[in-house]
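The values are calculated or read from the model by the stated rules, or taken from the named source; none is laboratory data. As the structure is a prediction and not an experimental result, all values here were calculated from the model. Reconstructed Cβ throughout: ideal geometry from the backbone, glycine too, with neighbour counts over all protein chains shown. These accessible areas exclude ligands, DNA and RNA; they are computed on the full protein's heavy atoms, side chains included. Shrake-Rupley method; radii C 1.70, N 1.55, O 1.52, S 1.80 Å.
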Amino acid sequence: KDGVVQMGEELAYKRLSRFDNYQGNRATSFSALESEELKTYYYNQTLDHFNYMPDSYTTFPQKYVISFKCWGGANASAPIFVMLGAESPLEVGFSFMTDSAASFNALLVYIEHRYYGESVPFGSKEEAMKNASTKGYFNSAQAIADYAEILIHIKKELHAENSPVIVIGGSYGGALATWFRLKYPHLSLGALASSAPILYFDNITPQNGYHSIVTKNFRETSETCYETILKSWSEIDKVASMPNGLSILSKRFNTCRPLNNSKELKHYLIMKYNYAVQYGAPPEYTVSVICRGIDKASLGSDILSRIYAGIHELKRFKGDEPCLDTTDIGPAFMDEIGLGWEWQICTELVFPMGWGNETMFQPHHFDIEAYSLNCMDKYGVRPRPHWVTTYYGGHDIKLILQRFGSNIIFSNGLKDPFSIGGVLENISDSLVALYTVNGSHCLDLHPATPTDPEWLVNQRKEEVRIIKGWIIKYYDDLVAYKSENKA
């Protein structure tokens, strides 16, 4: 049972967030964008888009925010950039949009995902998350239908029916942007999907893919660091099995509270290593920070002292408290965000992640039956691991998507462990894969800084160039369409 719960928590913690405080959050909050003349609105959203029972017509207020600052207006059919909210409240500005808005004369729209932030049905978060019945309307298909309704509403209110829409998203939001473009091509001209692991479902991607990339990053950074981590797990188990072993480990790692078991410590370390890779960014990657601490302590130090030195160096780098808080594993878990993401991965967003002997971790195979039982215990429902590929596709994507898809940029950084489940090869002239060898999770969507490396600057420039090409072609088609209809 403990192993099952741990695996469930492992995936719950590994949210697909665009941004994380792991390495100096460079995201821009709405409060810092007052000059962008942001205006907040609430749309009376339909509870259930896919049923006609009386309860389905219930509405709830869904939050969206608009910046009119750079918009060229409806008369000019100026474009609309839309950030599709993902698994968090709508408190993060999308810097690709704000940085690019002026050059496109674009209207900026940010839409919050249902069940997150203020966009909750049934009157309150408590009622919305009360049980499996109230959470039954909480899924990606309902979410992108929400976005469709709001976009139609906005375009109608602004008399902007001819303004082309570009949807943008990162991580889970990048998957939503991809799926929105495929499901609602009449409402979106194109999509920028950053770090969207749309192929990490239904065993399309090898189960150990994520942790193989984590291992590769550490090994390329320092062979001795990698070797130390590889050997540490058995050493932790050995100490834990000794009399007062947990007390010894608690003191060795300076934990903020006594450890309950060795899994607690190992889980903490696994997630710190994972996030160091996933959210690392130039100029100094957090993997390098950890390995610097491990390698500096290597002479005359035992394995556990080296591991602690690596984590201590990371905490010093981040400015964290000196004691090791094993409940602080990354993005929030026991709050509304974590609980919402847990529900999503226990229903449709099943990422079959495991890891084997070829990684720097102790082998842990993904067991769908155990995973399913864990979800059943928590929520009274079993996951549907095949539904994402049934509804959106994913298998044989190079063969199939080119036949009906268009105008999607799949951007990735190959240091991001989730890139293993991303689209890394061009599918057609307009289904384009842009990747950078040293990029990490959604790095192209972070605010531009004077110290950004040339490869990151060029990735963003290429995204802008491609989107401008889509819009120019659209305007040509619009002129031809109006001319034909006049005739």
Problem - Those residues of segment 261-270 which are open to solvent by less than 20 Å² (accessible area, probe 1.4 Å) and touching a residue at least 60 places away in the same chain (Cβ under 8 Å), in sequence order - result: 265, 267, 268, 270
Problem - Conditions (1) in contact with a strand residue (DSSP E or B) (Cβ under 7 Å, 6 or more places away or on another chain); (2) under 22 Å from residue 413 (Cα atoms): number failed by residue 256 - result: (2)
Problem - Qualifying residue in segment 426-438 (condition: farther than 26 Å from residue 468 by Cβ and open to solvent by less than 10 Å² (accessible area, probe 1.4 Å)) - result: no
Completion exercise
Given the conditions (1) in a helix (DSSP H, G or I); (2) crowded, with 21+ Cβ neighbours inside 10 Å, every one holds for residue 103 apart from (2)
Exercise for the section: Please verify whether segment 413-420 includes one or more residues that are touching a residue at least 24 places away in the same chain (Cβ under 8 Å) and surrounded by fewer than 16 Cβ atoms within 10 Å (Cβ to Cβ). Expected result: no
Fill in the blank from the handout: Restricting attention to segment 164-191, the residues that are under 14 Å from the mean Cα position of the chain (by Cα) and either open to solvent by 10 Å² or more (accessible area, probe 1.4 Å) or under 22 Å from residue 66 (Cβ atoms) (or both) number exactly 7
Practice task
Would you check which residues across segment 109-131 are buried (at least 23 other Cβ atoms within 10 Å of the Cβ) and either acidic (Asp, Glu) or at pLDDT below 95 (or both) and list them?
Solution key: 112
Completion exercise
If we keep only residues of segment 192-206 that are out of contact with any Ser or Thr (no Cβ under 8 Å at 6 or more places or on another chain) and over 23 Å from residue 167 (Cβ atoms), then the residue least open to solvent (accessible area, probe 1.4 Å) is 205
Exercise for the section: Report, by residue number, each residue of segment 382-396 that is open to solvent by 30 Å² or more (accessible area, probe 1.4 Å) and aliphatic (A, V, I, L, M). Expected result: none
Practice task
Give segment 397-411 a look and list any residue that's open to solvent by less than 90 Å² (accessible area, probe 1.4 Å) and aliphatic (A, V, I, L, M), or say none.
Solution key: 397, 400, 401, 408, 409
Handout entry: Verdict on residue 376 being modelled with pLDDT of 95 or more and either closer than 20 Å to residue 277 by Cβ or touching a Pro at 6+ places or on another chain (Cβ under 6 Å) (or both)
Key = no
Exercise for the section: Please indicate, with yes or no, whether at least one residue in segment 183-206 is over 26 Å from residue 337 (Cβ atoms), charged (D, E, K, R) and part of a loop (DSSP other than H, G, I, E, B). Expected result: no
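Yes/no matrix, rows are residues, columns are (1) under 19 Å from residue 361 (Cα atoms); (2) under 27 Å from the mean Cα position of the chain (by Cα); (3) open to solvent by 50 Å² or more (accessible area, probe 1.4 Å):
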{"position": "208", "(1), (2), (3)": "yes, yes, no"}
{"position": "221", "(1), (2), (3)": "yes, yes, yes"}
{"position": "240", "(1), (2), (3)": "yes, no, no"}
{"position": "275", "(1), (2), (3)": "yes, yes, no"}
{"position": "285", "(1), (2), (3)": "no, yes, no"}
{"position": "297", "(1), (2), (3)": "no, no, no"}
Practice task
Just one of (1) open to solvent by 20 Å² or more (accessible area, probe 1.4 Å); (2) part of a helix (DSSP H, G or I) trips up residue 340, so point out which.
Solution key: (1)
Exercise for the section: State whether one or more residues within segment 348-363 are at pLDDT 95 or above, among the polar types (S, T, N, Q) and open to solvent by 50 Å² or more (accessible area, probe 1.4 Å). Expected result: yes
Handout entry: Residue tally, condition of a type outside the set (A, V, I, L, M) and touching a residue at least 60 places away in the same chain (Cβ under 8 Å), over segment 235-256
Key = 5
Exercise for the section: Might you let me know whether segment 360-372 holds any residue that is farther than 21 Å from residue 210 by Cα, hydrophobic (A, V, I, L, M, F, W, C) and over 21 Å from the mean Cα position of the chain (by Cα)? Expected result: no
Problem - Count of residues meeting criterion [open to solvent by 50 Å² or more (accessible area, probe 1.4 Å) and in contact with a Leu (Cβ under 8 Å, 6 or more places away or on another chain)] in segment 248-260 - result: 5
Handout entry: Enumeration of residues in segment 32-84 that are under 17 Å from residue 95 (Cα atoms), aliphatic (A, V, I, L, M) and exposed (fewer than 11 other Cβ atoms within 10 Å of the Cβ)
Key = 32
Exercise for the section: Kindly list, by first and then second residue, each pair from a residue in segment 24-50 that is on the phi > 0 side of the Ramachandran plot to a residue that is polar (S, T, N, Q) and at pLDDT 80 or above, limited to pairs with Cβ atoms under 7 Å and residues at least 6 apart or on different chains. Expected result: 37/67
Exercise for the section: State yes or no: is residue 458 closer than 18 Å to residue 173 by Cβ and of a type outside the set (Val, Ile, Thr)? Expected result: no
Exercise for the section: Just name the residue that is least open to solvent (accessible area, probe 1.4 Å) out of those in segment 132-163 that are assigned to a loop (DSSP other than H, G, I, E, B) and farther than 27 Å from residue 466 by Cα. Expected result: 138
Problem - Among (1) within 22 Å of the chain's Cα centre (by Cα); (2) of a type outside the set (S, T, N, Q); (3) open to solvent by less than 20 Å² (accessible area, probe 1.4 Å); (4) within 21 Å of residue 76 (Cβ to Cβ), the one test that residue 464 misses - result: (3)
Completion exercise
So, first residue without any contact (Cβ under 8 Å) to a residue 60 or more places away in the chain in segment 131-144, second residue surrounded by fewer than 19 Cβ atoms within 10 Å (Cβ to Cβ), Cβ within less than 7 Å, six or more apart or across chains; the pairs are 134/122; 134/127
Exercise for the section: Being more than 26 Å from the chain's Cα centre (by Cα), more than 30 Å from residue 132 (Cβ to Cβ) and either polar (S, T, N, Q) or surrounded by 22 or more Cβ atoms within 10 Å (Cβ to Cβ) (or both) narrows it down to one of 303, 290, 307, so name that one. Expected result: 307
